[in-house]
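These notes are about the structure you will find just below.
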Amino acid sequence: MKGLLVKDFRLVLKRKQQLLILLVVCAMIAFTSDGSFVVAYAAGLAGILGLSTYAFDEHDNGFPFLFSLPVDAGTYVKEKYLFCVLCDLAGLAAGTALFFAACATTGKMDAFRDSLVYLPAYFPATLVLILSVLLVQMKFGIERSRLVTLLLYGCLFVLSAVFVKIVGPLDGTRVAGQLPEWMKSDWFIVAGIYAIAAIACAVLFALSLRVMKNREY
Amino acid sequence: MIEFENFVKQYRDFRLEISMSIPDSRVVGIIGKNGCGKSTAIKAILGLVRPTSGSVRVFGRESKDLTPRDREKIGVSLSDSMFSPLFTVEDVVAILRAMYRDFDEPFFREMCGRLNLPSGKPLKEFSTGMKEKVKVLAAVTHNASLLILDEPTAGLDVEARSEIIGFLKEYAGSHDCTVLISSHISTDLEGLCDEFYLFSGGRIVLHETDSGIGSRYGTVQIPFELFDSIGRQYISGFKKETFGYACVTNSREFFERNYPELKVKPAGIDDLILLLGGGTEE
């Protein structure tokens, strides 16, 4: 596991220029837009950066060599998940720092304080998205995964549109109004997001493990 | 150390069907033309492909069940797969240090110096020979008890091949380990291997020791009119030529004694590949 982490950190650090550009883009977003969007954006981008190490592993028929090292499918999947978590957390921290800096310099600290409770929720939300793409990549390979991901998101979009057409748009305020008082706390909502994400991650992990264990090279 | 038992791997257009046993502390060469199943056999040992039927055991364990700890005892160099081309030798050192408890970093660095491998240059800028040297070094610098080298000299010039083979001979001579090396370049393996397996069309057509090949095998040119009168048990493989048949025999002495008029020569590995691995088998 340690060797794989060293490999992935070094792979990410090979792209210092890209990292710098992403940081500058995030800083521009933080200072030119209102709200905490930059936090979600930075967490998502950092997660994608972590995810990209899978593409490097697969590139140039890299897997046969990788799995000739002291690595088995279980260790590989665990490490990849851990690495994506670390990248996502680093992005969340960087995004939060930029958001704080932007609020502090523009005198909008109230907005920062109001958002603070929701910021940790960006982590599980972006992580589930990243890990679901990782699963598709493991199953179909990098090339085909692009098409499969596009198709999956296309299907989700169509299903959502059909749902809205049949049920009508969801009124968040009305739904919230029907919830019991204790469920309306911000912390409860964030904890709920974490709980749902934890279940999703566990399912994704089990599926990823199965895919990698069954692969041949 | 390695045991293939009725191993079968069936692909859509290719079938590998072998049984072989590789004991401890032997240097074993797998030879044969491209596409004869050498790399598939190596991948099966590493658990990278699973058998359709039969089994392959390494260190007494099914290859698919090898643990990371077992794998630490195996040094591998594959023909078409290696570290990311973005990495430098320095990155490779850091990764190997973190991967293997017994990684011999001073030896790795010393060898990089001896083989003129720059430490700060990305592998993508290395020549084919330099990449092969990095792969072989990575395989031999963590005290492995089993070395698996798949075509370590493929595509290299004479000088690079000689450097790698020289290094492997030195290593095999000074370490108590089993070495399995595949190649379609026979001269690389002569003088290095204790025994050979010749693969052809997904099957083992010959298993012989180095001394056995030298003492018993020979090539003989037999004219058309004489060919049918010679017992087929003395001819292991043959190929039709313009003068008659180019044959390989495992009874060289028989021909030398009974047919002094025929041109009989000791067989080299290339002759075996050509006449057993591609000619007609008997």
Checklist line | Residue check, A:Gly3 facing chain B (nearest Cβ under 9 Å), under 30 Å from B:His142 (Cβ atoms) and open to solvent by less than 20 Å² (accessible area, probe 1.4 Å) | finding: yes
Next item on the list: Looking only at the range A:175-197, count how many residues are part of a helix (DSSP H, G or I) and farther than 18 Å from A:Tyr118 by Cβ.
Entry: 4
Check: If you take the residues of the range B:212-238 that are more than 16 Å from B:Leu272 (Cα to Cα) and polar (S, T, N, Q), which of them is surrounded by the most Cβ atoms within 10 Å (Cβ to Cβ)?
Finding: B:Gln233
Next item on the list: Can you tell me which residue among B:Asp80, B:Asp91, B:Asp65 is among the acidic types (Asp, Glu) and either closer than 21 Å to A:Arg10 by Cβ or in contact with a strand residue (DSSP E or B) (Cβ under 8 Å, 6 or more places away or on another chain) (or both)?
Entry: B:Asp91
Check: Residues in the range A:14-24 that are within 22 Å of A:Tyr41 (Cβ to Cβ), surrounded by 11 or more Cβ atoms within 10 Å (Cβ to Cβ) and within 13 Å of chain B (Cβ to nearest Cβ): how many?
Finding: 2
Item checked: Filter result (under 20 Å from B:Lys73 (Cβ atoms), over 25 Å from the mean Cα position of the chain (by Cα) and either assigned to a helix (DSSP H, G or I) or among the hydrophobic types (A, V, I, L, M, F, W, C) (or both)) within the range B:94-106 -> B:Ile95, B:Arg97, B:Ala98, B:Met99, B:Glu105
Check: Considering the range A:54-68 alone, what residues qualify as being more than 9 Å from every other protein chain (Cβ to nearest Cβ), open to solvent by 10 Å² or more (accessible area, probe 1.4 Å) and either without any contact (Cβ under 8 Å) to a residue 60 or more places away in the chain or more than 17 Å from B:Val49 (Cα to Cα) (or both)?
Finding: A:Ala55
Margin query: Based on this model, can you work out whether B:Leu262 counts as within 21 Å of B:Ala41 (Cβ to Cβ) and either crowded, with 16+ Cβ neighbours inside 10 Å or out of contact with any Lys or Arg (no Cβ under 9 Å at 6 or more places or on another chain) (or both)?
Written below: no
Next item on the list: Check B:Ser127, B:Ser145 and return the single one that is open to solvent by 50 Å² or more (accessible area, probe 1.4 Å), hydroxyl-bearing (Ser, Thr, Tyr) and under 24 Å from the mean Cα position of the chain (by Cα).
Entry: B:Ser127
Note to self: Of everything in the range B:60-106, what is touching a residue at least 60 places away in the same chain (Cβ under 8 Å) and surrounded by fewer than 22 Cβ atoms within 10 Å (Cβ to Cβ)? Give them in sequence order.
What the structure shows: B:Glu72, B:Lys73, B:Ser79
Margin query: For the range B:112-129: of the residues being modelled with pLDDT under 90 and in a helix (DSSP H, G or I), which is farthest from the other protein chains (Cβ to nearest Cβ)?
Written below: B:Arg114
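Consider A:Ile166 carefully, then state whether it is assigned to a helix (DSSP H, G or I), out of contact with any Leu (no Cβ under 9 Å at 6 or more places or on another chain) and in contact (Cβ under 8 Å) with a residue 40 or more places away in the chain. Give the steps one after another, and end with the answer.
Values: assigned to a helix (DSSP H, G or I): yes; out of contact with any Leu (no Cβ under 9 Å at 6 or more places or on another chain): yes; in contact (Cβ under 8 Å) with a residue 40 or more places away in the chain: no.
In short, no.
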Notebook entry, point to check: If you take the residues in the range A:197-217 that are under 17 Å from the mean Cα position of the chain (by Cα) and without any contact (Cβ under 8 Å) to a residue 40 or more places away in the chain, which one is most open to solvent (accessible area, probe 1.4 Å)?
Noted result: A:Ile199
Note to self: part of a strand (DSSP E or B), in contact with a helix residue (DSSP H, G or I) (Cβ under 7 Å, 6 or more places away or on another chain) and not assigned by TED's automatic domain parsing to the domain that holds B:Arg257: is that true of B:Leu198 in this structure?
What the structure shows: yes
Next item on the list: State the number of residues belonging to the range B:140-176 that are of a type outside the set (Val, Ile, Thr), in contact (Cβ under 8 Å) with a residue 40 or more places away in the chain and in contact with a Leu (Cβ under 6 Å, 6 or more places away or on another chain).
Entry: 1
Next item on the list: Inspect all residues belonging to the range A:25-33 and state whether any of them is among the hydroxyl-bearing types (Ser, Thr, Tyr), open to solvent by less than 10 Å² (accessible area, probe 1.4 Å) and either more than 26 Å from B:Asp70 (Cα to Cα) or part of a helix (DSSP H, G or I) (or both).
Entry: no
Notebook entry, point to check: Looking at (1) within 14 Å of another protein chain (Cβ to nearest Cβ); (2) part of a helix (DSSP H, G or I); (3) of a type in the set (A, V, I, L, M, F, W, C), can you tell me which one A:Val71 breaks?
Noted result: (2)
Margin query: Can you tell me how many residues within the range A:127-136 are open to solvent by 20 Å² or more (accessible area, probe 1.4 Å) and either β-branched (Val, Ile, Thr) or at positive phi (or both)?
Written below: 2
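The values are calculated or read from the model by the stated rules, or taken from the named source; none is laboratory data. Values in this document were obtained by computation on a predicted structure and should not be read as measured data. A quick note on method: Cβ atoms are made from the backbone with ideal geometry, for glycine too, and the neighbour counts reach across all protein chains shown. With ligands, DNA and RNA removed, areas are computed over all heavy atoms of the protein, side chains included. Shrake-Rupley method; radii C 1.70, N 1.55, O 1.52, S 1.80 Å.
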